[in-house]
1. Given (1) at pLDDT 65 or above; (2) part of a helix (DSSP H, G or I), where does residue 41 come up short, assuming only one miss?
2. For the stretch 34-65, which residues satisfy the criterion of being loosely packed, with under 15 Cβ neighbours inside 10 Å, closer than 13 Å to residue 3 by Cα and free of Cβ contacts under 8 Å to residues at least 60 places away in the same chain?
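The values are calculated or read from the model by the stated rules, or taken from the named source; none is laboratory data. As the structure is a computational prediction, the values presented were derived from the model and not from experiment. Cβ: placed from backbone, ideal geometry, glycine included. Neighbour counts: every protein chain shown.
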Amino acid sequence: MIGRYIKKLRSERGMSMRALETYSGVSHGYISHVERGLRRPSIKTLQKLAKPLRVEPEELLIQAGYIDRKNGIGAMAEQLVALHPRMHGLLAKMIDLPADIVDDILDYWEFKSSRPPAEKKGEKRGVA
């Protein structure tokens with residue numbers, strides 16, 4: 001569980017939640033929720049926590065389940081495929097992208113999949 005791992009790293013470094021907040025920009029309240037397993041941190045949050053915890057961001061992503069140690073594909077990849085089946089073919093290319101770009105792509109697909117289908121050429125809005 002990522003929360004226990006973050007708490008372990010923080011404790012090993014003699015760092016309080018307030019100190020981690022200061023160095024990472026992540027609120028101590030949020031850190032507390034993560035450590036207690038009440039919240040699952042985003043990729044961006046894990047990236048912010050990595051440097052002050054003196055650990056590679058990838059290690060936190062692995063511990064959180066975003067990346068699979070064996071092949072690099074984890075929960076984020078499954079989410080992308082679930083949003084749109086054609087995303088599966090793009091995953092191999094996306095694995096090497098920075099996490100914030102992958103987040104933007106995921107946000108776009110969530111937005112796109114929640115919109116009604118595009119109107120056909122020549123159809124007018126509000127007319128059946």
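1. (2)
2. Across the stretch 34-65, the qualifying residues are 36, 37, 38.
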